[in-house]
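Comments concern the structure below.
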Amino acid sequence: MKKLQLVSKRAEHNYTLQKFLKPHFVYIPLIVQNNTNVVCEVKVDEYVYKGQVVGSFNENFTLKIHSSVSGTVKEIKKMRLYNNELVKCIVIENDFKENTKYNEKNIKKISDYSKEEFIDNIQNAGIIGMGGAGFPTYFKYKSDNINTLIVNAVECEPFISSDHTLILNNCEEILEAVDSIMEINNISKCYIAIKDIYSDLKFEFDKYIGTYPNIELFFTKNYYPAGWEKNLIKDIMHIEYNNLPIEKGIVVNNVSTIYAIYESLKYNKPSIERIITVSGNLVKDTNILIKIGTTIKELIDFIGMKETKKLKVIVGGPMMGKTVSSLDIVITKNVNSIILSDEEVYNKEVNCLKCGKCSDVCPSKLCPVLIMENLENKDELLKLQPNKCIECGLCSYICPSKILLRDKVIEAKQVLRGDKK
């Protein structure tokens, strides 16, 4: 597999943290990963508190969904998420009072939780992987054989700097959380992975990390996708696994997930806010703390955007992000970036040249063009294993014919799941 150097068009990022915590409405999606069998726990016209459980999921695992504001439930309506899917959402009108339902506290020593209390706490807080996958975090810690924690702060896509900003503003808290997670779960070693080009993060960590002998910084090279879980584990520990890192006693958490765990353990705060990056040639690059359930439109009304007749909105980074057709998109816990541009991302598509470049760069060792050509042949798709795709977008990026191969592989996954016939 070839490793690509991806450099952002912007040499400098703005790591100043803004806050937009007063949306007029939030839209809380009734979905957990791809599952919509979520029980709505509130009714129209009911008053809800910030942090109140408004939905719950109880199938393969249990997860709570919380309101990010206090106010009144106005309706249940379908709204679009980052993947363009229409999903039922609880529409809550913000009363701007920040009345809380959860029992706010300030635990001095968060390492005093037992393992069972720790798992219950982050489960009830609704914490999921905030790097993109959205997998329930508590489930990773149910094993009693965890020996290594890897904190993923690589942020390998261009334009995105939300995790970077989080570290610069909350480095000490992140290290406190990591140390406590290790003690509670009897984890002997932690690596915090950052890019070797980010000297400011190294400087920030060096202020505090000397008091944590079992926590070590690991510097990844500037290639894509350095932040992919399998690449990260191979680079750090020189080992590979078949399905999940826990096979080797490893847990990987995004650094934003670690901070959500910190707020849950320290203050009993559910996962109701996050930092996202807003960038592109139509806005001033910024990182902003927002309420979960805020729409892109209301966020843009707050920060401002240049006028254009050909707006292109990408939710996520330029490689793995999804292009959406509207600003009425709900920001969920696993959205870390929004790109607003009027530039063409791709030129006109032409016929495949059979060059094989898509296979050369695929980190999962797939053949995207063959998958594309067999969308109507389910038996052949099973052999080509599109489900191994991590949706990094390298195949589309490298394709000289400008074919959106990643979209074709995602379509193949849907065919195999039965979502598309």
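FYI, it's all coordinate maths here, none of it is from the lab. Just so it is clear, the model here is predicted, and its values are computed rather than measured. Cβ sites come from the backbone with ideal geometry, for glycine too, and all protein chains shown count toward neighbours.
Show which lysines lie in cross-link reach of Lys309 when reach means a straight Cα distance below 19 angstrom and same-chain residues fewer than eight apart are skipped.
The reachable lysines, counting only those whose Cα sits under 19 Å from Lys309, are Lys284, Lys297.
Using alpha carbon coordinates only, what is the Rg to Rh ratio of the stretch 110-267, with Rh defined as the Kirkwood radius?
0.93
With θ set to phi - 60° and the Karplus curve 6.51 cos²θ - 1.76 cosθ + 1.60, what are the ³J(HN,Hα) couplings of the stretch 137-146 in order, to the nearest whole Hz, using x for Gly and Pro?
With coefficients 6.51, -1.76 and 1.60, one gets 5, 4, 5, 5, 9, 6, 5, 9, 10, 8 Hz.
Find, to one decimal place in angstroms, the Kirkwood hydrodynamic radius of the stretch 357-417, where the mean of 1/r is taken over every pair of different Cα atoms and then inverted.
Result for the stretch 357-417, one decimal place: 11.1 Å.
Please tell me which of these pairs span more than 27 angstrom C-alpha to C-alpha: Lys78/Lys230; Lys50/Lys77; Lys189/Lys357; Lys64/Lys291?
Too far apart for the 27 Å limit: Lys78/Lys230; Lys189/Lys357.
Using the basic label-point model (7 angstrom from Cα toward the beta carbon), what is the Glu116 to Thr72 distance in nanometres?
For the pair Glu116/Thr72, the computed spacing is 4.4 nm.
Take every DSSP beta bridge with both residues inside the stretch 110-267 and express the antiparallel ones as a percent of the total, to the nearest 5.
In the stretch 110-267, approximately 5 percent of DSSP beta bridges are antiparallel ones.
Treat every Asp and Glu Cβ in the chain as -1 and every Lys and Arg Cβ as +1, leave all other atoms uncharged, and give the resulting dipole magnitude about the Cα centre to the nearest 20 debye.
My answer is approximately 940 debye.
Please report Rg (one decimal) and Dmax (integer) in Å for the Cα set of the stretch 177-318.
Rg and Dmax of the stretch 177-318, Cα atoms, are 18.4, 56 Å.
At 0.36 nm per residue, and after removing the present C-alpha to C-alpha distance, how many nm does the segment from Leu416 to Asn99 gain when stretched out fully?
Here the answer is 109.6 nm.
Mind giving me the FRET efficiency for Thr308 and Lys402? R0 is 22 Å, r the Cβ-Cβ distance, nearest 0.05 is fine.
0.45
Given a Förster distance of 30 angstrom, what is the FRET efficiency for Tyr223 paired with Ser326, based on the Cβ-Cβ distance and rounded to 0.05?
Approximately 0.35, to the nearest 0.05.
Of all beta bridges DSSP finds with both residues in the chain, what is the antiparallel percent, to the nearest 5?
Of all bridge pairs located within the chain, approximately 60 percent are antiparallel.
What does the helix-only formula give at 222 nm for the chain: each DSSP H stretch with n ≥ 4 adding -39500 (n - 2.57), the total divided by the residues, and the result rounded to the nearest 500 deg cm²/dmol?
-7500 deg cm²/dmol
Each residue of the stretch 360-376 in turn: what ³J(HN,Hα) in whole Hz from Karplus with 6.51, -1.76, 1.60 and θ = phi - 60°, glycine and Pro shown as x?
4, 9, 5, x, 9, 6, 9, 10, x, 5, 5, 4, 4, 6, 10, 4, 8
Which of the three applies to the stretch 40-193, rounded, prolate or oblate, going by the alpha-carbon gyration tensor with a ≥ b ≥ c and a/c under 1.5 meaning rounded?
In terms of gyration-tensor shape, prolate.
For the chain, which cysteines have no second Cys with its Cβ under 4.7 Å from theirs?
Lone cysteines by the Cβ rule: Cys40, Cys89, Cys156, Cys171, Cys190, Cys352, Cys355, Cys362, Cys367, Cys389, Cys392, Cys399.
Any idea what the alpha-carbon Rg over 2.2 N^0.38 Å comes to for the stretch 23-91?
Compared with the compact-globule rule of thumb, the stretch 23-91 sits at 1.05.
Kirkwood-based Rg over Rh for the stretch 223-292 (C-alpha set), two decimals?
Taking Rh as the inverse mean 1/r over Cα pairs, Rg/Rh reads 1.09.
Non-local amide H neighbours of Leu217 (under 5 Å, H modeled in plane, Pro and chain starts lacking H): which ones?
Sorted by chain and number, the residues that satisfy this are Ile192.
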